[in-house]
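Novice: To start, I am sharing the structure in question, which I have written as structure tokens.
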Amino acid sequence: MGASDAAETAEKLFSAGRVVIFTHERPDGDAVGSAFGLRALLRGNGVEADLVFPEPPPVRYREFTGEPDTPTGHYDAAVVLDCATEIRIGKGIYEPRQLADTLFNLDHHGANSIAGDVELIDVKAAATSLLVWEVAAAAGANIPVAAATLLMLGLMTDTGSFRFSNTDARALRAAAGLLDCGAELDRIVNAVYFSKPRNQQLFEAEVVTGCTRLLCGGRLALAGLDESIFKKYGFSMADGEGVIDLLREIDGAVIALLYYRKGEHWKCSLRSKDAAFPVGPLARSLGGGGHEMAAGITLDAPSAAALEAMLVDRIGSMLDSAKKE
Ligand code: 5GP
Ligand code: MN
């Protein structure tokens, strides 16, 4: 048991009779794509599969997902996807370990702390959806069009449609394989990029014009979002996966920082455009996590000003540190 490759994972997973699937809270495109994609894949290959989804899928992905399931009885295997820590599974409702004999842990985050019986953890994989595709391909599985489309959706969203630095030949090979299986690229593009609700567009316009500031000589693009802007536009960050790209896209910005209130805490999202200044270590040093170039932290701070001062100080020091040649 323990570390496994795609072929071993496939053999163990596809021989299970009943499988229950989990992913992380605040599910993004890769969480949606890998989880619903794996469900479609297993069902298409005679494996009974249920999906425990932590909250309603973001609106723009709904046409691809269908409904999650309520787990019933005991399962041979639980699969946790795209989830680095147990706390992000959506603890308190269902526990994978209590529902199943064997725990599969498929992820591409560094510092994954979930102890699976079968582990396919690959930080070089552009998306967890890519790992699911590789498991399916290794199994020689039947890949239904719905599964191929969902996995493509996950791969596309986690690579920023093949723009982010995690895009490599392997990711593009997977994309080609998924297209060969009938993945519906036009539907994904229309849903993900050309179906923005008008309230979101107006919200984003105000994020740009009213909330975004450039600090550290223009190398840090920052936006702190007050509760009032969410109320004004009836918008929630549950649908805000791409909002941080409004900061990242600014010329000269190396680091993008977006923060907003989440319950009693502050949720901070970080992105880097330069591998010499990764945000992963910074996030981890503050108790957060994620990838080297895309990370997040949940923090306590007495005020937005205090939070911002602390983060700007840390980011400023990092940007001032000697740049690697
Ligand atoms: P996002 O900024 O899109 O929410 O997340 C970017 C990456 O950082 C994701 O891979 C996610 O796993 C990670 N991340 C986001 N927020 C948190 C957090 O509060 N704690 C930890 N440990 N990781 C986070
Ligand atoms: Mn992912």
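Novice: Checking S34 against (1) in a loop (DSSP other than H, G, I, E, B); (2) within 15 Å of ligand 1 (Cβ to nearest atom); (3) of a type in the set (S, T, N, Q), which test does it fail?
Specialist: The single condition S34 does not satisfy is (1).
Novice: Follow-up. Which of the residues spanning the stretch 88-118 are part of a strand (DSSP E or B) and among the aliphatic types (A, V, I, L, M)?
Specialist: A100, L103, L106, V118
Novice: Could you tell me which of the residues S4, S34 is among the polar types (S, T, N, Q), out of contact with any His (no Cβ under 8 Å at 6 or more places or on another chain), at pLDDT 95 or above and over 23 Å from K262 (Cα atoms)?
Specialist: Result: S34 is the single residue among S4, S34 that is among the polar types (S, T, N, Q), out of contact with any His (no Cβ under 8 Å at 6 or more places or on another chain), at pLDDT 95 or above and over 23 Å from K262 (Cα atoms).
Novice: Go through (1) farther than 23 Å from A127 by Cβ; (2) buried (at least 20 other Cβ atoms within 10 Å of the Cβ); (3) modelled with pLDDT under 95 one by one and return the number of the condition Y75 breaks.
Specialist: Y75 satisfies every listed condition except (3).
Novice: Do you know which residues across the stretch 210-241 are in contact with a Gly (Cβ under 9 Å, 6 or more places away or on another chain), over 21 Å from G160 (Cβ atoms) and basic (K, R)?
Specialist: Residue satisfying the conditions is R213 alone.
Novice: I would also like to ask the following. Identify all residues within the stretch 141-176 that are within 16 Å of ligand 1 (Cβ to nearest atom), part of a helix (DSSP H, G or I) and of a type outside the set (A, V, I, L, M, F, W, C); write none if there are none.
Specialist: Answer for the stretch 141-176, where residues must be within 16 Å of ligand 1 (Cβ to nearest atom), part of a helix (DSSP H, G or I) and of a type outside the set (A, V, I, L, M, F, W, C): G154, T157, D158.
Novice: Further question on the same structure: Select, from A176, A171, the only residue that is closer than 22 Å to R271 by Cα and among the aliphatic types (A, V, I, L, M).
Specialist: A171
Novice: Give L270, L258 a once-over and let me know the one that is under 22 Å from A126 (Cα atoms) and in contact with a strand residue (DSSP E or B) (Cβ under 9 Å, 6 or more places away or on another chain).
Specialist: L270
Novice: Considering only the stretch 116-128, I want to know if a residue exists there that is away from ligand 2 (no atom under 13 Å from the Cβ), under 25 Å from I244 (Cα atoms), aliphatic (A, V, I, L, M) and buried (at least 17 other Cβ atoms within 10 Å of the Cβ).
Specialist: no
Novice: Out of all the residues in the stretch 283-305, which are free of Cβ contacts under 8 Å to residues at least 24 places away in the same chain and surrounded by 13 or more Cβ atoms within 10 Å (Cβ to Cβ)?
Specialist: Across the stretch 283-305, the qualifying residues are A283, G288.
Novice: Filter the stretch 95-112 down to residues that are more than 16 Å from ligand 2 (Cβ to nearest atom) and without any contact (Cβ under 8 Å) to a residue 60 or more places away in the chain and give me whichever is surrounded by the fewest Cβ atoms within 10 Å (Cβ to Cβ).
Specialist: The residue in question is Q98.
Novice: Within the set of pairs 6+ apart or on separate chains, which have a first residue in the stretch 125-140 that is over 13 Å from T9 (Cβ atoms) and within 14 Å of ligand 1 (Cβ to nearest atom), a second that is modelled with pLDDT of 95 or more and not in a helix (DSSP H, G or I), and C-beta atoms under 7 Å apart?
Specialist: Taking only residues 6 or more apart or on different chains, the pairs are A126/T159; A126/N166; A126/T167; A126/D168; A127/H108; A127/T159.
Novice: Please work out which residue is nearest to the chain's Cα centre (by Cα), limiting yourself to the stretch 135-186 and to residues that are polar (S, T, N, Q) and surrounded by fewer than 17 Cβ atoms within 10 Å (Cβ to Cβ).
Specialist: Looking at the filtered set, the residue picked out is S161.
Novice: If we keep just the residues of the stretch 266-279 that are more than 8 Å from ligand 1 (Cβ to nearest atom) and within 18 Å of A111 (Cα to Cα), which is surrounded by the most Cβ atoms within 10 Å (Cβ to Cβ)?
Specialist: Among those residues, the one meeting the criterion is V279.
The values are calculated or read from the model by the stated rules, or taken from the named source; none is laboratory data. Source: prediction; values computed, not measured. With ideal geometry, Cβ positions are generated from the backbone for all residues, glycine too; neighbour counts draw on all protein chains shown.
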